[in-house]
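Visitor: Encoded as structure tokens, here's the structure I'll be asking about.
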Amino acid sequence: RVAAARAALLQQQQEEVKKVQEGKCKAFAERVVAEAAEAVEAAEARAAAIVASAKAGTAEKLQKELSIGELDALKTAADEALSTVAEARAVVARSQETHDGFKGGARNVLLESKVELTKLASRASTAERRLKAAT
């Protein structure tokens, strides 16, 4: 009876530890994904603004309609947006590295956030591609 009670107590302690680890994993995953999502969304918004202003016409049309100063301002804004997108991609890459290096017993909990980070990386790449195509 003592051995059975001891085994039951040990099992209960292991389950509690597992629940705590899963909670830590979930909190970690949410924090990492939120940070990466914020960076990607900011980069997408900035890129979308540049793409919208550059879509007004072809390169020749923009050269005819805009002064050199306006074209230079558009180029500067596009370069800044590209650097924002590059920073967002770096944040996502760091998040993925941190995510891969996370140690804990509940790594299966992290699978969903890993998929979300991959989607964010794809969104950042798409924003960069659109921005480069528009400028």
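Visitor: Tally the residues that are touching a residue at least 40 places away in the same chain (Cβ under 8 Å), under 16 Å from the mean Cα position of the chain (by Cα) and surrounded by fewer than 15 Cβ atoms within 10 Å (Cβ to Cβ), restricting the search to the range 11-34.
Guide: Number satisfying all stated conditions: 1.
Visitor: Next question. Suppose the filter is at pLDDT below 90, closer than 21 Å to THR126 by Cβ and touching an Asp or Glu at 6+ places or on another chain (Cβ under 8 Å); does ALA47 pass it?
Guide: yes
Visitor: Of all the helices (runs of 4 or more DSSP H) wholly in the range 1-102, which have at least 3 residues that are hydroxyl-bearing (Ser, Thr, Tyr)?
Guide: Details: elements: 2-54, 59-65, 68-101.
Per the criteria, 68-101.
Visitor: Name the residue that is modelled with the highest pLDDT, counting only residues in the range 103-135 that are in a loop (DSSP other than H, G, I, E, B), over 23 Å from GLU80 (Cα atoms) and not hydrophobic (A, V, I, L, M, F, W, C).
Guide: Among them, the one singled out is LYS103.
Visitor: Residues in the range 63-87 that are open to solvent by less than 60 Å² (accessible area, probe 1.4 Å) and either of a type outside the set (Gly, Ala, Ser) or in contact (Cβ under 8 Å) with a residue 40 or more places away in the chain (or both): how many?
Guide: Here the count works out to 9.
The values are calculated or read from the model by the stated rules, or taken from the named source; none is laboratory data. Everything quoted here is computed from the prediction, not taken from an experiment. Here Cβ is always computed from backbone atoms with ideal geometry, including for glycine, and neighbour counts include all displayed protein chains. Side chains included, ligands, DNA and RNA excluded: accessible areas come from the protein's heavy atoms. Shrake-Rupley method; radii C 1.70, N 1.55, O 1.52, S 1.80 Å.
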